[in-house]
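Report on the structure given below.
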Amino acid sequence: MKFKSQKPLSLLLAAITVLAAIPPASAAPYEQGQRIQFTGMVSDKQGQPLANVQVVLEVTRTYFSMRHLRREQVDTRKVRGTTNERGEYSLEWPWDSYFNHFELAVGVPVRKARTEELQELERLDVTKRAVAGAPVVSAIVVQNAGFVVHLREFLASVRTDDQRRVYDEMGRPDKVETVQYPSWAEVSWWYFETGRVYRFRDGHLEQVVPFDPVKGSR
């Protein structure tokens, strides 16, 4: 006598267990439309505040998909803000019981080609804090704060019309090389995926050298 596999039943029981473990959004002590404050400070690993970085609150609806047997997220909403000189941020979200997952992302805008994208540096799940009560206070530590320093140093070095034109067209280079001669300086901007290096002499474009593109270098 053959017995049917118990695997589908086991998967169903596991799914029910996961669903039962997810607290309903209605359990939060808020009224529909009530404005909830998300606040805190962004710092580096040494505890130094990071000023003028973006903080994005991402709110989604999560559920367990019986079709794919995994948790999925839909209907993302975003609220953006910027830290002040003390690294502090403050965002507000009008409570909607439909949404049940909350994350904070920290990043800086980076120009790539002719578009500007947010380079994410850190992400923090604050769902439990959000449903526990307001205000939702979260300290966010950015592990790779050196990226911000290097980016700002590069942007401060873009001073001439030639440099600004190349930056607007190509975005942030993958690598910057500087050679100091007795009476002038040569700066090279490398774009590996595009296969170009722009050479500037005292800020003025002298040469564009093509080479075989290097894919996946970013």
If we keep only residues of the range 34-76 that are at positive phi and modelled with pLDDT of 95 or more, then the residue surrounded by the fewest Cβ atoms within 10 Å (Cβ to Cβ) is Gly47
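Can you confirm whether Glu116 is in the same structural domain as Gln46 (by TED's automatic domain parsing), of a type in the set (Asp, Glu) and surrounded by fewer than 13 Cβ atoms within 10 Å (Cβ to Cβ)?
Numbers: in the same structural domain as Gln46 (by TED's automatic domain parsing): yes; of a type in the set (Asp, Glu): yes; surrounded by fewer than 13 Cβ atoms within 10 Å (Cβ to Cβ): yes.
Criteria met by Glu116.
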Counted residues in the range 172-184 being basic (Lys, Arg) and part of a loop (DSSP other than H, G, I, E, B) come to 1
All-but-one check, Val187 against (1) touching a Phe, Trp or Tyr at 6+ places or on another chain (Cβ under 6 Å); (2) of a type in the set (A, V, I, L, M); (3) in a helix (DSSP H, G or I), failing number (3)
When every residue in the range 128-153 that is in contact (Cβ under 8 Å) with a residue 40 or more places away in the chain and of a type outside the set (A, V, I, L, M, F, W, C) is compared, the one nearest to Gly107 (Cα to Cα) is Gln143
Among strands (runs of 3 or more DSSP E) entirely within the range 44-115, at least 3 residues that are basic (Lys, Arg) occur in 70-82
Among Ser183, Ser157, Ser188, the single one that is small (Gly, Ala, Ser) and within 30 Å of Pro49 (Cβ to Cβ) is Ser157
Picking from Leu121, Leu155, Leu151, the residue that is on the phi < 0 side of the Ramachandran plot, out of contact with any Cys (no Cβ under 8 Å at 6 or more places or on another chain), surrounded by 17 or more Cβ atoms within 10 Å (Cβ to Cβ) and modelled with pLDDT of 95 or more would be Leu121
Are any of the residues in the range 148-170 touching a helix residue (DSSP H, G or I) at 6+ places or on another chain (Cβ under 8 Å), part of a loop (DSSP other than H, G, I, E, B) and either basic (Lys, Arg) or farther than 30 Å from Asn84 by Cα (or both)? no
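The values are calculated or read from the model by the stated rules, or taken from the named source; none is laboratory data. Since we're looking at a predicted model, the values are computed, not measured. Using ideal geometry, Cβ is built from the backbone for each residue, glycine included, and neighbour counts are taken over all protein chains shown.
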